[in-house]
Ligand code: G3I
């Protein structure tokens with residue numbers, strides 16, 4: 001069986017078992033009614049978002065998608081039954097929003113805290129959800145536990161390798177893939193990020209090393225290079241593509257490309273389609289890994305808000321349709337970065353955009369018109 005078919009068989013054709021074992025009969029009935037009523041479970045909980053809320057029922061989006069449809073998760077959210085019910089109803093894959101990152105698992109003394117990632121891995125297994133790991137090496141996170149070894153030569157190398165091998169090895173065979181290197185390119189596309197890791201192990205050498213150690217720890221996981229603004233900044237995309245070429249040329253086991261897709265209304269029409277086409281040129285699986293579409297920094301009302309939401313829907317349609325047009329073997333997943341608007345990083349410090357509506361479900365979990373747009377686009381492409 002060719003590599004592409006093997007990929008499909010392993011990842012795309014998989015029909016995640018939905019385990020309702022955890023849902024009581026009452027919850028199940030409530031979820032089904034609420035889900036098909038198009039009002040999510042928010043009816044009881046959320047404020048009336050009449051303009052944004054879908055007036056028609058939306059079926060479970062994961063049942064319409066021909067590829068894994070994901071959402072980022074974290075334990076604080078999962079404590080809410082309504083959150084879990086909506087998540088399981090709509091999505092077939094999850095990514096840890098922050099609880100698998102180096103600054104969360106590596107203690108100052110160099111010891112590891114796996115309680116949170118273990119809980120998320122166990123939740124995904126029990127719920128029959130596919131799981132994507134995020135993120136092994138990120139220039140932003142250089143916690144004391146490894147920064148204290150800065151300049152330490154072999155000791156630093158050991159700590160770097162142990163972080164990757166420890167985390168990937170611990171969940172070997174239970175995650176579909178990992179974001180191995182997150183955000184390698186400077187914001188303006190002018191070269192590679194500088195970090196504790198690049199200073200100690202080399203600009204590209206630290207990346208190659210991370211992929212090789214991860215490959216050893218889990219031979220089957222799809223190993224991703226992941227970055228943002230690849231749609232909004234063509235010069236950054238070109239720098240990303242050049243890095244991919246160099247890594248592949250040196251035999252790095254780079255297995256997939258992630259475009260975070262934190263989009264805004266400033267995105268030029270066609271930019272997402274162009275970005276996906278360029279990224280797909282290497283023939284590797286593509287992950288739209290952190291999709292959300294911000295309405296912007298200012299609160300809008302009336303016609304301006306309606307216009308912004310229409311622009312947001314157009315961008316979502318472009319992303320979904322362009323992803324559909326990729327060869328099936330390259331459709332790794334589309335992951336939304338937040339289940340409900342209230343869960344979105346755009347709403348939290350430091351951005352604090354209390355008015356923003358970046359994802360498919362409103363603060364109370366009600367399906368917005370944007371969810372209707374997603375359902376229509378996913379259904380059309382089946
Ligand atoms: O750590 C506390 C936790 O103990 C507490 O229970 C929880 C309560 O909500 O809050 C946690 O705080 C912070 C969390 O956001 C919630 O606000 C975490 O410390 C903080 O690290 C976390 O920030 C995350 C950020 O990455 C840094 O890891 C954001 O949630 C997450 O959305 C953001 O995601 C990044 C991607 O990884 C990479 N691409 C950009 C994207 C947005 O910045």
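Only the coordinates and a few stated rules stand behind these numbers; no lab work does. Please read these numbers as outputs of a predicted model, since none were measured by experiment. Heads up, the Cβs are rebuilt from the backbone with ideal geometry, glycines too, and the neighbour counts pull from every protein chain shown.
Yes/no per residue for (1) under 16 Å from residue 66 (Cβ atoms); (2) in contact with a helix residue (DSSP H, G or I) (Cβ under 7 Å, 6 or more places away or on another chain); (3) more than 16 Å from the ligand (Cβ to nearest atom):
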| position | (1), (2), (3) |
| --- | --- |
| 293 | no, yes, no |
| 299 | no, no, yes |
| 308 | no, no, yes |
| 328 | yes, yes, yes |
| 336 | no, no, no |
- Message: Quick check on the stretch 235-244: of everything there that is touching a residue at least 24 places away in the same chain (Cβ under 8 Å) and out of contact with any strand residue (DSSP E or B) (no Cβ under 8 Å at 6 or more places or on another chain), which residue is surrounded by the fewest Cβ atoms within 10 Å (Cβ to Cβ)?
- Response: 235
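Conditions (1) more than 13 Å from the ligand (Cβ to nearest atom); (2) assigned to a helix (DSSP H, G or I), marked per residue:
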| position | (1), (2) |
| --- | --- |
| 116 | no, yes |
| 119 | no, yes |
| 140 | no, no |
| 146 | yes, yes |
| 149 | yes, no |
| 157 | yes, yes |
| 189 | yes, no |
- Failed item in (1) away from the ligand (no atom under 12 Å from the Cβ); (2) in contact with a helix residue (DSSP H, G or I) (Cβ under 6 Å, 6 or more places away or on another chain); (3) closer than 19 Å to residue 75 by Cβ, with residue 126 passing the rest: (2)
- Just a yes or no: is a residue in the stretch 171-182 touching a helix residue (DSSP H, G or I) at 6+ places or on another chain (Cβ under 9 Å) and farther than 17 Å from residue 224 by Cβ? no
- Query: When the stretch 79-113 is examined, which residues are found to be free of Cβ contacts under 8 Å to residues at least 60 places away in the same chain and within 11 Å of the ligand (Cβ to nearest atom)?
  - Reply: 79, 96, 98, 99, 101, 103, 104
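For (1) crowded, with 21+ Cβ neighbours inside 10 Å; (2) assigned to a loop (DSSP other than H, G, I, E, B), each residue gets a yes or a no:
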| position | (1), (2) |
| --- | --- |
| 89 | yes, no |
| 104 | no, no |
| 109 | no, yes |
| 122 | no, no |
- Query: Taking residue 320, is it in a helix (DSSP H, G or I), touching a residue at least 60 places away in the same chain (Cβ under 8 Å) and within 24 Å of residue 176 (Cα to Cα)?
  - Reply: yes
